[in-house]
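I have placed the structure first, in the form of structure tokens, so that the comments after it can refer back to it.
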There are 2 protein chains.
Amino acid sequence: MPRVTAEHRAARREQILVAAMDCVAREGFHKTTMAHVVSASGLSAGAVYGYFRSKEELISAIADRAVGMVGGVFARAAGQEAVPSPAEVVERVAASIEAQAADHGVDITRVAVAAWAEAVRDEQVHTVVAAKVGQLRERCLEIIRLQQRAGLVDPGGDPHQMAQAMLALFPGFILQRLILGDVTSASLGAGVAGLTYGPAATPAADHTGGSS
Amino acid sequence: MPRVTAEHRAARREQILVAAMDCVAREGFHKTTMAHVVSASGLSAGAVYGYFRSKEELISAIADRAVGMVGGVFARAAGQEAVPSPAEVVERVAASIEAQAADHGVDITRVAVAAWAEAVRDEQVHTVVAAKVGQLRERCLEIIRLQQRAGLVDPGGDPHQMAQAMLALFPGFILQRLILGDVTSASLGAGVAGLTYGPAATPAADHTGGSS
DNA sequence: CTGTCAAGAACGATCATTCGTTTTTATGCT
DNA sequence: AGCATAAAAACGAATGATCGTTCTTGACAG
């Protein structure tokens, strides 16, 4: 029995996964060859296939990780005690997405876009991504319910529909950011604030005191 | 000089393009092989390469067409005399996207998702898609300015930022529709209406009267 | 006839995957 | 403690299949 059993094995798997995500962020899923992944990971073809049975399995793992990271961002940015306005929630989540895109060596949002496209096409990836997106919208739903109780959004509206609308903003944020490059969390937050213009949103906005 | 010169030539090109879009909607850009396109178009490999110099050029043409169709939808749904509320605009555009997805044999939204992913990766497609998305946001901007004048959105807010926010909704709509499948133009419109809750938006929101 | 268009078999390149070999290391034995 | 051993892990060249593209051949209009 060489080396360790669980710890180093997980580390190697992570090493391959990170290298593969870097490739995918640059070239997408299908233009990324296993040779690229092998080269980027610093291992060999045989080693990579020791941790992932196929390229498909590797792609699923990447998609899961990428969408999951964006989801984690969501849970973190929203889990506050004071109930923020919709515009504030959107700005915080968008800011966390910006941070995620910059912090790591790889731009996670590029991988996420590739994962969306793959989810439309491949059943395996679809299952993985659908589950993560469903969890994301659950988070939205919780926030919306709090905001309804606080009178920040229409208390008579269907919270599920509002969660759909809130969640819908982020793919568009990511895409405009990647394709046009002139959108920031601040501009998106301000835009949402402008669209949700009305007295109901103002009292809460006063408390938290959003800057800029 | 056999056959016709311009008309039939354009028709052949269109025939190939439609066949290719059908393939892309089902399999994405990279899993679609030229052999598939050849088979679906009913022509031969040599003929296809007589109209498109390479697969890359075909992909660019498809991306241009797909994003352009969604953009046309936008211009049509928004070009009304009476100024609609943000929620109404969103619902109308989303409804037109739904119609586009169902009317043709091919689901154009699937092709659009593939085009986004390709725009992130390929410079040629990026240029094409960026131009179309820029035009789309110009349309948003015009609508926002009208809404500002009508007091439907914050008159003091930056219209560019609001246009960013409004446009951001549609990729998320398309993705939730394709991946989770439980979002409709009506639910999205109602959700936006609920989030933009306030006296300024209410008179218009009454009209739409979302069920549930 | 002649020049254009379509056909489709053939080609070279590329990619995912495998498998025989080599290296590494935990463990048993002295 | 030090060495031998077995098994797991890594290696990387070979493989079989697939894909984009080309090029020769045949058909048809002017």
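The values are calculated or read from the model by the stated rules, or taken from the named source; none is laboratory data. Just so you know, these numbers come straight off a predicted model, no measurement behind them. For neighbour counting, all protein chains shown are included, and Cβ atoms are generated from backbone atoms with ideal geometry for every residue, glycine included. We work out accessible area using only protein heavy atoms, side chains counted, and drop any ligands, DNA or RNA first. Shrake-Rupley method; radii C 1.70, N 1.55, O 1.52, S 1.80 Å.
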- Message: Can you tell me which residue is nearest to the other protein chains (Cβ to nearest Cβ) among those in the range B:172-184 that are in contact (Cβ under 8 Å) with a residue 12 or more places away in the chain and open to solvent by 20 Å² or more (accessible area, probe 1.4 Å)?
- Response: B:178
- Task: For the range B:5-13, state whether one or more residues are within 15 Å of DNA strand D (Cβ to nearest atom) and in contact with a Phe, Trp or Tyr (Cβ under 9 Å, 6 or more places away or on another chain).
- Result: yes
- Note on the structure: When every residue in the range A:153-168 that is out of contact with any Lys or Arg (no Cβ under 9 Å at 6 or more places or on another chain) and open to solvent by less than 10 Å² (accessible area, probe 1.4 Å) is compared, the one farthest from residue A:71 (Cα to Cα) is A:153
- Could you check how many residues of the range B:38-50 are in contact with a helix residue (DSSP H, G or I) (Cβ under 6 Å, 6 or more places away or on another chain) and either within 14 Å of chain A (Cβ to nearest Cβ) or more than 8 Å from DNA strand D (Cβ to nearest atom) (or both)? 2
- Does residue A:25 satisfy the condition of being of a type in the set (A, V, I, L, M, F, W, C) and within 14 Å of chain B (Cβ to nearest Cβ)? yes
- Task: Assess whether residue B:92 counts as being of a type outside the set (Asp, Glu), more than 14 Å from every other protein chain (Cβ to nearest Cβ) and away from DNA strand D (no atom under 16 Å from the Cβ).
- Result: yes
- Message: For the structure I just gave you, tell me whether residue B:96 is of a type in the set (Ser, Thr, Tyr) and at pLDDT 95 or above.
- Response: no
- Criterion (more than 16 Å from DNA strand C (Cβ to nearest atom) and touching a residue at least 24 places away in the same chain (Cβ under 8 Å)) met by exactly one of B:67, B:48: B:67
- Looking at the range A:122-137, is at least one residue basic (Lys, Arg), at the interface with chain B (Cβ under 10 Å from one of its Cβ atoms) and surrounded by 16 or more Cβ atoms within 10 Å (Cβ to Cβ)? yes
- Task: Any residue in the range A:121-138 that's in contact (Cβ under 8 Å) with a residue 60 or more places away in the chain: show its pairings with residues that are assigned to a helix (DSSP H, G or I) and open to solvent by 20 Å² or more (accessible area, probe 1.4 Å) at Cβ separation under 6 Å, as long as the two are six or more apart or on different chains.
- Result: A:128/A:64; A:132/A:68
- Could you check, for the range B:63-73, whether at least one of its residues is within 12 Å of chain A (Cβ to nearest Cβ) and over 18 Å from residue B:189 (Cα atoms)? yes
- Query: For residue B:53, are the conditions met, namely being exposed (fewer than 15 other Cβ atoms within 10 Å of the Cβ), more than 12 Å from DNA strand D (Cβ to nearest atom) and over 21 Å from the mean Cα position of the chain (by Cα)?
  - Reply: no
- With the condition kept exactly as written, say whether any residue in the range A:78-88 is closer than 23 Å to residue A:178 by Cβ and either modelled with pLDDT of 95 or more or not small (Gly, Ala, Ser) (or both). yes
- Of those in the range A:145-162 that are small (Gly, Ala, Ser) and more than 7 Å from every other protein chain (Cβ to nearest Cβ), the residue farthest from residue A:88 (Cα to Cα) is A:156
